[in-house]
Structures are given as structure tokens and as C-alpha cells.
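The values are calculated or read from the model by the stated rules, or taken from the named source; none is laboratory data. Quick caveat: nothing in here was measured; it's all calculated off a predicted structure. In this analysis, Cβ positions are derived from the backbone assuming ideal geometry, glycine residues included, and neighbour counts consider all displayed protein chains.
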Amino acid sequence: MEKPAVTLREGGGRALKAGGPWVYDNEIASVAGDPAGGDMVTVLDHKGTFLCQGFINRRSKLTVRVMSRDPAAVIDRDFLRRRVQSAWDYRKRTVDTAACRLIFGEADFLPGLVVDKFGDVLCVQSLALGIDRLKGTILELLVETLAADGVAVRGIYERSDAPVREREGLPLAAGFIGEPFDTKVQITENGVKYLVDVAEGQKTGFFLDQKYNRKAIWPICRDAKVLDCFTHTGSFALNAGLAGAKSVLGVDASELAVAQARENAALNGLDRTVRFQCADVFEFLPGLIKKKEQYDVVILDPPAFAKSRGAVKNAVKGYREINLRALQLIRDGGYLVTCSCSHFVDAALLSQTVRQAANNVRKRLRQVEFRTQAPDHPILYGAEDSSYLKFFIFQVCREG
């Protein structure tokens with residue numbers, strides 16, 4: 001049976017032809033065959049040339065999400081098994097798989113699906129209609145693939161509670177897939193122990209993308225006084241503590257996150273060295289400046305300030321303010337660790353913003369390191385949204 005066909009307008013599909021993973025609603029000239037939401041369709045350019053196969057959702061601006069660029073591909077269980085096996089093989093080669101992202105959506109050619117592994121627990125986020133229909137099969141295959149390598153899965157928890165699902169015409173969903181289990185899971189990363197709560201934590205419970213960036217701060221934190229802003233469950237703060245910091249203060253606006261951070265500090269025997277405070281960072285930093293506090297290392301790992309292109313201008317103001325305040329708190333020769341997980345704020349814009357903040361407080365920056373997300377969050381060229389995390393370490397000094 002022939003698939004329904006989506007034909008693009010003349011000039012449509014430029015991003016798709018360059019490796020992009022989506023067909024946008026305003027690129028479509030016609031849809032033949034009356035496909036239901038989530039059905040597989042063939043995408044043709046305006047001359048009728050095959051471009052890809054993907055699943056359609058006419059309620060979404062991302063109307064077609066690419067599943068294959070092979071016209072002969074059959075999107076069945078065997079096809080999905082190969083995709084899952086490829087994703088797992090890649091992780092085994094590139095990262096510590098005790099806790100890692102197993103599936104990273106479009107970058108693993110399974111658009112709209114995220115699966116994180118925390119020890120023997122999987123946490124899944126399904127964000128697109130078509131992949132939601134395939135989710136059960138993919139998870140079965142993932143469990144089978146891990147089992148073949150001797151890795152048992154104790155349970156699966158769904159965190160498909162992101163508002164983006166509503167734009168796909170999907171209800172928010174969270175809960176156990178299969179038998180219930182204790183949703184608090186202990187993991188170890190860089191020698192640091194964490195309790196991850198897949199049910200109550202943000203997104204899937206823990207931010208794995210900064211895995212190796214957290215390790216990168218160890219040399220500069222030895223014997224240092226450290227301030228960790230937007231600490232969440234304390235990951236950078238605890239790495240600083242284990243690296244040998246003299247004292248660490250972690251700050252976050254979430255009471256739940258701070259409670260979890262304190263629990264993690266106790267788990268690592270760091271509760272005397274690493275302490276946490278619940279406060280709004282934008283309000284907290286000026287108070288420290290007023291008290292003339294000084295730190296050897298200040299870490300800024302805020303949530304995404306720009307979730308759309310239109311939000312970039314205000315996001316830059318936010319990044320400039322927190323970096324300016326942080327720079328005022330760093331003693332000469334100390335270090336600024338600053339991050340952005342906003343896809344729309346690229347590395348050049350973030351570094352320019354930090355440089356402007358430094359100029360405003362008459363400090364000079366020497367870049368120590370630039371990094372991006374861990375390899376289990378691969379950046380797929382053509383799928384620009386897969387590149388989002390920027391991580392800088394700067395030494396802060398005055399010219400004398």
C-alpha cells in the first residue's frame with residue numbers, strides 16, 4: 001500500500017536537504033492520501049523527487065519529523081531495533097554508561113524521544129505524536145538490547161509532562177510503565193554519589209549533559225572558596241567539594257532541589273564542607289557584593305533563559321547581569337565557570353556577553369577552557385537544536 005505523500009512548495013525543504021530533521025508547516029504545498037496524525041508519509045520536493053519518510057502531525061509547526069532518507073526503508077520492529085542498537089553501541093564507545101542518555105531524539109534518528117539511564121532504571125520523555133505511537137516498541141527493544149549485554153532494567157518511569165506535548169495534541173503523562181518501583185535511584189558520576197528521583201526531579205530527574213564539565217572544574221577548586229549558583233541538586237558543588245575545596249556554598253531557588261542537594265552532600269560525607277541555601281540568585285548575589293564577600297571560584301549554571309528566538313534579547317540581559325555580579329565576587333586570579341543551555345544563545349553571543357560584563361567591572365578574562373555537552377547528547381550536524389550547551393572556564397584578573 002502506497003504511503004500518503006507530502007509535497008513541498010517550490011523553495012521548501014532547504015533545511016531538510018541540508019540534513020535538517022523536520023518539515024515545517026509553511027513549506028507544504030499539498031498532502032495526498034489523508035493521513036492520520038502520527039502516520040508515516042513520504043515527503044517529495046515540488047518536482048516530485050523523494051526527500052524522506054517521516055511521521056506527520058498537522059497540528060504541529062514541525063509537521064513531518066524525519067525517520068529515514070531511504071525510500072526503500074520499512075519502519076517496522078527490525079528498523080527500530082537497528083536504531084536502538086546503534087544508539088547503545090555509540091554510548092558504549094563514548095561514555096560511562098552507568099548513568100547516561102541512551103536516546104537523544106533527532107540526534108539518534110528517533111525524533112521526539114529522550115531516554116535516560118540511571119543505574120538499572122530508565123526514564124523516558126516522549127514529545128511527538130508519531131514517536132509516542134512507537135514508544136512501547138522502542139522501550140521493549142531497548143530493554144532487550146541492554147539485557148543482551150548483561151544490563152538488567154529494574155523499571156521504567158515516564159516523564160512526558162513537558163508542555164510541548166500539548167502542541168502535538170498529546171496529553172501530559174507521567175508514571176510507571178510496567179510495575180511500580182522505588183523512584184529514588186543512587187548513581188555515581190566522577191566519583192560523586194547522587195540520589196536521583198525520576199518521579200519528582202526536573203525533566204528526567206538529573207542533568208547528565210554536564211557530566212564531564214563537572215569533572216573539568218576539579219583542578220581549579222582545590223583549596224578554594226566556591227560559590228555554585230543555580231546548583232539544582234548540587235552537582236557542581238559536590239564535585240568542588242570532592243576536588244578538595246575549603247568551602248562550598250550552593251544556591252538554588254527551589255526548596256525541593258536544595259533538600260535533595262543536602263541529601264546528596266550527606267551521602268558523600270561532604271555536609272560539613274558543602275552547604276546549600278534556598279534563594280533567588282538574582283537577589284542573592286547583590287547581597288554578597290554588599291557584604292564584600294570574595295570567592296576563588298564562582299559557578300553559574302542557570303536554566304535556559306531563551307526558549308525561543310524572540311526571547312534572546314531579554315536572555316542576554318539576564319546572562320550579562322549574573323555574570324557581572326559573579327565577576328564582582330571573584331578575587332583577582334580566581335575563576336568564573338559560566339554556562340548556557342539556551343540553544344538560541346550560541347557560544348559567540350555568550351562569550352561576547354560575558355566579555356561585556358567583565359569590561360563593565362574593569363576585569364580581564366583569560367579563557368581556560370570551552371566545552372559543550374557530554375557525548376551521550378551528540379550534536380548532529382543539520383539538526384541545529386541538538387547543539388545547545390555552552391560551558392566556559394575563565395580566569396579573572398585585573399591589569400596591574
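Here are a few things to note about the model shown:
- Selected residue (criterion: surrounded by the most Cβ atoms within 10 Å (Cβ to Cβ)) from residues of segment 162-182 that are on the phi < 0 side of the Ramachandran plot and touching a residue at least 60 places away in the same chain (Cβ under 8 Å): GLU168
- Single residue of ARG325, ARG366, ARG362 found to be surrounded by 20 or more Cβ atoms within 10 Å (Cβ to Cβ), out of contact with any Asp or Glu (no Cβ under 6 Å at 6 or more places or on another chain), in contact (Cβ under 8 Å) with a residue 24 or more places away in the chain and basic (Lys, Arg): ARG325
- Checked against (1) crowded, with 19+ Cβ neighbours inside 10 Å; (2) modelled with pLDDT under 95, ASN239 passes all but condition (2).
- Some residue of segment 295-318 being under 22 Å from SER387 (Cα atoms), among the basic types (Lys, Arg) and touching a residue at least 12 places away in the same chain (Cβ under 8 Å): yes
- Some residue of segment 291-311 being surrounded by 15 or more Cβ atoms within 10 Å (Cβ to Cβ), part of a helix (DSSP H, G or I) and assigned by TED's automatic domain parsing to the domain that holds THR338: yes
- If only residues of segment 199-225 that are touching a strand residue (DSSP E or B) at 6+ places or on another chain (Cβ under 8 Å) and of a type in the set (Phe, Trp, Tyr) are counted, the one that is modelled with the highest pLDDT is TYR212.
- Hits in segment 75-121 - residues which are more than 22 Å from PRO21 (Cβ to Cβ), surrounded by fewer than 20 Cβ atoms within 10 Å (Cβ to Cβ) and in contact with a strand residue (DSSP E or B) (Cβ under 6 Å, 6 or more places away or on another chain): GLY119
- Tabulated pairs, segment 53-66, first within 11 Å of TRP22 (Cα to Cα), second buried (at least 24 other Cβ atoms within 10 Å of the Cβ) and of a type in the set (Phe, Trp, Tyr), C-beta under 6 angstrom, 6+ apart or interchain: ARG65/PHE55
- Of everything in segment 61-74 that is surrounded by fewer than 23 Cβ atoms within 10 Å (Cβ to Cβ) and in contact with a strand residue (DSSP E or B) (Cβ under 7 Å, 6 or more places away or on another chain), the residue that is farthest from VAL196 (Cα to Cα) is PRO71.
- Some residue of segment 338-357 being charged (D, E, K, R), buried (at least 16 other Cβ atoms within 10 Å of the Cβ) and within 23 Å of the chain's Cα centre (by Cα): yes
Condition check ((1) of a type in the set (A, V, I, L, M); (2) crowded, with 23+ Cβ neighbours inside 10 Å; (3) farther than 30 Å from SER160 by Cα) across all residues:
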| site | (1), (2), (3) |
| --- | --- |
| GLN202 | no, no, no |
| ASP228 | no, yes, no |
| SER235 | no, yes, no |
| SER247 | no, no, yes |
| GLY250 | no, yes, no |
| ALA253 | yes, no, no |
| ASN268 | no, no, yes |
| ASP271 | no, no, yes |
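- Screening segment 77-195 for strands (runs of 3 or more DSSP E) wholly inside it with 1 or more residues that are out of contact with any Phe, Trp or Tyr (no Cβ under 6 Å at 6 or more places or on another chain), within 18 Å of GLY38 (Cβ to Cβ) and not β-branched (Val, Ile, Thr) returns the ranges 113-118, 121-126, 155-160, 173-177.
- Single unsatisfied condition, LEU270 versus (1) of a type outside the set (S, T, N, Q); (2) in contact (Cβ under 8 Å) with a residue 60 or more places away in the chain; (3) closer than 26 Å to GLY333 by Cβ; (4) assigned to a loop (DSSP other than H, G, I, E, B): (2)
- Verdict on ASN314 being outside any loop (DSSP other than H, G, I, E, B) and under 26 Å from the mean Cα position of the chain (by Cα): yes
- Selection count, segment 9-60, where residues are surrounded by 14 or more Cβ atoms within 10 Å (Cβ to Cβ) and either among the polar types (S, T, N, Q) or assigned by TED's automatic domain parsing to the domain that holds ASP132 (or both): 4
- Some residue of segment 341-361 being farther than 20 Å from PHE284 by Cβ, modelled with pLDDT of 95 or more, of a type in the set (Lys, Arg) and not assigned by TED's automatic domain parsing to the domain that holds TRP88: yes
- Residues in segment 369-379 that are surrounded by fewer than 18 Cβ atoms within 10 Å (Cβ to Cβ) and either aliphatic (A, V, I, L, M) or touching a Phe, Trp or Tyr at 6+ places or on another chain (Cβ under 6 Å) (or both): PHE370, ARG371, ILE379.
- Test: residue in segment 187-200 that is among the polar types (S, T, N, Q), surrounded by fewer than 19 Cβ atoms within 10 Å (Cβ to Cβ) and at positive phi: yes
- Filter result for the condition that a residue is assigned to a strand (DSSP E or B), more than 28 Å from the chain's Cα centre (by Cα) and more than 27 Å from HIS377 (Cβ to Cβ), over ALA72, ALA36, ALA29: ALA29
- Qualifying residue in segment 134-141 (condition: under 30 Å from ASN26 (Cα atoms) and over 23 Å from the mean Cα position of the chain (by Cα)): no
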